[in-house]
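The values are calculated or read from the model by the stated rules, or taken from the named source; none is laboratory data. Remember, it's a predicted structure, so these values are computed and weren't measured experimentally. Virtual Cβ from ideal backbone geometry, glycine too; neighbours counted across all protein chains shown.
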Amino acid sequence: MSSERVNLLGLPRAQLETFVATRLGAKPFRARQLMKWMYRRGAADFSSMTDLKQEFRTQLGEIAEITVPQIVTEQVSKDGTRKWMLRMDEVQGIETVYIPEPDRGTLCISSQVGCAMDCSFCATAQQGFNRNLTAAEIVGQVWLAQRELTESQPAASEGRRSITNIVFMGMGEPLANYRNVLPAMQIFMDDLGYDLSRRRVTLSTSGLVPQIYKLAQECNVALAVSLHAPNDELRNDLVPINRKHPIAELLEACWHYIDKQNGRSITFEYVMLDGVNDKPEHARQLARLMQGHPAKLNLIPFNVFPGTHYRRSPAATILKFRDILNEYGVIATTRRTRGDDIEAACGQLAGRVTDRTVVRLGTRLSTVSRSAVEIQ
Ligand code: SAH
């Protein structure tokens, strides 16, 4: 019964306006009222929307719903980071992480159940890929986090917002789920949605080049790119999509994105793996790729997870790596590890995933129909 109803949570403003017009013969401002209830006030029940006519609310309830995933577990780290596991169906679960800092609150959301990119140093990759999240499931993560944070910190919620930034750095490759990620980002940036500026919504990608060009046409969020290696030989191993879109092609797309969006810069993520990609020569190669471009390097100390053979680079190695980049005039910062005691840190999100991919990128790339995993 409820599956026939439309979940309003995933509809950007224009689509919601069309929905109320065509299905209920209502004016566009009704859609705007609905958005305020859903996103500003966190309402999920039409009967609570008191400035909508009773008749409209009843009709709405017959054809629409506001449904969010169910929370299975919540864990709170000693540093205040919170991780929720959300139920996607009987078996599958995804994870969403909230990272509080003195001047902001970042919500790290997932875009897929699992991931097919098969990066060798990432826990999510080990789970395999099950399916894309819908736009409603993506937006639902923010809706839920906002509700939970408001309930646990009522005083803070009065003055300032608890979620000031949203990053697609949870489970999944967001550009492989482009058609659901785009409407979700529109809702994040809409002033009747979560009202975040474009700089406060970050999409992180392993490097799906055609979709970076597409994104440049249609959206202007901040872009982060998981580079992790300064040459193709090494990157082919760490980030297998590189075999299809090598570094030169990827960087060209990145510089195009910045030109087109009049953006400030791109953040390149670089996970520091002991003895693998952390040598001074790697730093120099990397600096040469970045020099003169609007780029920032974000060095991420590797986070271990069960079954990995990688180790984190020692702190002194990371510092030296950063210094070399700085000597070349390249801005580099080190990401502080958060929430690793509850396995909420970068690359530790595993959720619960039943792998449905026949072959994944890293294992047998030459025989894969790559488009099958790339655009869904
Ligand atoms: N698929 C997207 C977003 C998810 S990962 C992407 O690849 O960008 C978010 C960031 O965490 C990426 O830069 C990813 O490479 C990094 N990461 C993955 N595993 C990690 C690990 N074990 N330790 C530290 N960072 C990791």
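Taking Leu234 as the residue in question, decide whether it is in contact (Cβ under 8 Å) with a residue 24 or more places away in the chain, closer than 15 Å to Phe121 by Cβ, surrounded by fewer than 22 Cβ atoms within 10 Å (Cβ to Cβ) and out of contact with any Ser or Thr (no Cβ under 9 Å at 6 or more places or on another chain). Considered against the rule, which asks whether it is in contact (Cβ under 8 Å) with a residue 24 or more places away in the chain, closer than 15 Å to Phe121 by Cβ, surrounded by fewer than 22 Cβ atoms within 10 Å (Cβ to Cβ) and out of contact with any Ser or Thr (no Cβ under 9 Å at 6 or more places or on another chain), Leu234 comes out as yes.
Restricting attention to the range 224-235, the residues being more than 15 Å from the ligand (Cβ to nearest atom) and in a helix (DSSP H, G or I) number 2.
Anything in the range 81-132 that is among the hydroxyl-bearing types (Ser, Thr, Tyr) and more than 13 Å from the ligand (Cβ to nearest atom)? List them, or say none.
First, the residues of the range 81-132 that are among the hydroxyl-bearing types (Ser, Thr, Tyr): 81, 96, 98, 106, 110-111, 120, 124.
Of everything in the range 81-132, those that are among the hydroxyl-bearing types (Ser, Thr, Tyr) and more than 13 Å from the ligand (Cβ to nearest atom) turn out to be Thr81, Tyr98.
Give me the residue from the range 1-22 that is of a type in the set (D, E, K, R) and modelled with pLDDT under 95 and, out of that set, surrounded by the most Cβ atoms within 10 Å (Cβ to Cβ).
Arg5
In summary, Thr124 fulfils each of the numbered conditions (1) buried (at least 24 other Cβ atoms within 10 Å of the Cβ); (2) farther than 21 Å from Arg352 by Cα with the single exception of condition (2). Scanning the range 23-46 for residues that are surrounded by fewer than 17 Cβ atoms within 10 Å (Cβ to Cβ) and farther than 20 Å from Ala136 by Cβ gives Gly25, Lys27, Pro28, Phe29.
Return the residues of the range 205-220 that are within 16 Å of the ligand (Cβ to nearest atom) and of a type in the set (Gly, Ala, Ser); say none if nothing qualifies. Ser206, Gly207 - these are the residues of the range 205-220 that are within 16 Å of the ligand (Cβ to nearest atom) and of a type in the set (Gly, Ala, Ser).
Looking at the range 1-114, what helices (runs of 4 or more DSSP H) fall wholly within it and have at least 2 residues that are small (Gly, Ala, Ser)? Write out each step before concluding.
On the way: elements: 13-24, 28-35, 54-63.
Here the list reads 13-24.
Arg161 - would you say it is on the phi < 0 side of the Ramachandran plot, part of a loop (DSSP other than H, G, I, E, B) and more than 16 Å from the ligand (Cβ to nearest atom)? So Arg161 passes the test. When Asp278 is tested against (1) surrounded by fewer than 21 Cβ atoms within 10 Å (Cβ to Cβ); (2) within 16 Å of the ligand (Cβ to nearest atom); (3) farther than 23 Å from Cys108 by Cβ, only condition (1) is not met. In the condition set (1) within 29 Å of Tyr213 (Cβ to Cβ); (2) out of contact with any Pro (no Cβ under 7 Å at 6 or more places or on another chain); (3) of a type in the set (A, V, I, L, M), Leu286 is compliant with all but (2). Among the criteria (1) surrounded by fewer than 24 Cβ atoms within 10 Å (Cβ to Cβ); (2) assigned to a helix (DSSP H, G or I); (3) more than 14 Å from the ligand (Cβ to nearest atom); (4) within 18 Å of the chain's Cα centre (by Cα), the one Tyr178 does not fulfil is (3). For Thr202, the criteria (1) surrounded by fewer than 22 Cβ atoms within 10 Å (Cβ to Cβ); (2) part of a helix (DSSP H, G or I); (3) within 15 Å of the ligand (Cβ to nearest atom) hold in every case but one, which is (2).
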